[in-house]
Amino acid sequence: MKIITWNINSLRLRIQNVKRLLELEAPDILCLQETKVQDHDFPAAMLKSFGYEHLYFHGQKSYNGVAFISRVPIRDIHPLKMAGREDSRHMSGILPDGTELHNFYIPAGVPEPDPIANPNFAYKLRYMDELAEWFAKNRKSRDKMILVGDLNIAPHENDVWSHKQCLKVVSHTPAETDRLKALQKDLGWIDSGRHFTPMDEKLYSWWSYRAEDWQKSDRGRRLDHIWATEPLKNKLVSGYVVKEARGWNQPSDHVPVVLEMDVRC
């Protein structure tokens, strides 16, 4: 089974890029974030024409929004609301083998990492705190789970282009990275990105639109993640990013992150 997560940054604007990815990678499940489309405007007919019959979506107008684009049925679709807002930032469901799949779009929290001066950053920290509390109360490390999404945090030194220069930049501050690492540790989540790519290697999934030449400057961050719980560890086969997608026509600033699993194990 191949699962891909991708912050598409407007599904309708970039639906041809979605088609291109589906043709290139042929995932079983594509998890999207920041779809930016209300449910009644979701382009279901076009996505079904790409060969994906099982569509699940939870959206808003102009921002947020998550979706599963799947070849396999997913049951018990459920959204979580965090930090006192109704934002469409999460959906979960149960795969045919009983694995629970979570798709998150965690708040960005920009522009400044000050919860007093910046309500967006305060919201992000509260969201992370409530998320950690929810998993601690409702799930166990023995549960078969996969967590994917734009977590908007680059937790490790080589997940950003410059650890020293990014320590005061939202997405790599200690307040954020400590929370994400604690969330991972609590249930023993396996970070597939670092499971397959050593910690001493740079690994990115996002490059800013502000860079005149994103590839030449290569000032990236790893904001997009796929995690799995310990019961799935022996099923993990490979993990990688589709970096070329950043250079496609009208690209998202994020690229797809892929996890391949052997469900026969």
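Any idea how far the Cα center of segment 208-258 sits from the one of segment 31-92, in Å? When both Cα centres are located, 20 Å separates them. Of all accessible surface on segment 24-77 at a 1.4 Å probe, what whole percent is carbon and sulfur? Within segment 24-77, the accessible surface is 49 percent carbon and sulfur.
Excluding ligands, DNA and RNA, the accessible surface per residue across the chain is 45 Å² with a 1.4 Å probe.
Listed here are the pairs Lys81/Lys202; Lys181/Lys235; Lys61/Lys216; Lys61/Lys185; which of them are more than 30 Å apart at the Cα? Over 30 Å Cα-Cα: Lys81/Lys202; Lys61/Lys216; Lys61/Lys185. Put a dot 7 Å past the Cα of His54, heading toward its Cβ, do the same for Arg264, and the two dots end up 2.0 nm apart. A convex hull fitted to the Cα coordinates of segment 26-76 yields 74 cubic angstrom per residue. A DSSP coil position with no more than 15 other Cβ atoms inside 10 Å describes the following trypsin sites (Lys or Arg not before Pro) in segment 67-112: Lys81, Arg85. Could you tally the net charge around Gln250, taking each other residue with its Cβ under 15 Å from the Cβ of Gln250, Lys/Arg +1 and Asp/Glu -1? Combined, the nearby Lys, Arg, Asp and Glu give +3.
Principal semi-axes of the equivalent ellipsoid, √(5λ) from the alpha carbon gyration tensor of segment 179-228, are 26, 12, 8 Å from largest down.
When you restrict to C-alpha pairs under 8 Å that are six or more residues apart and normalise by the size of the chain, the relative contact order lands at 18 percent. Computed in the context of the full set of protein chains, the accessible area of segment 146-211 at 1.4 Å probe radius has 52% of its extent on carbon or sulfur. Each listed q (0.07 Å⁻¹) maps to a log10 I(q)/I(0) for the chain from the Debye sum over equal C-alpha point scatterers, namely -0.22. Shape summary of segment 102-241, radius of gyration then Dmax from alpha carbon positions: 15.2, 46 Å.
A simple packing score, the average count of other Cβ atoms within 10 Å per residue, orders the peptides 211-219, 137-145 as 137-145, 211-219, with the highest score first.
The values are calculated or read from the model by the stated rules, or taken from the named source; none is laboratory data. On a predicted model such as this, the values are computed, not experimentally measured, just so you know. Note: ideal-geometry Cβ built from the backbone for every residue, glycine included; neighbour counts use all protein chains shown. Please note that ligands, DNA and RNA were not included when accessible areas were found on the heavy atoms of the full protein model with its side chains. Shrake-Rupley method; radii C 1.70, N 1.55, O 1.52, S 1.80 Å.
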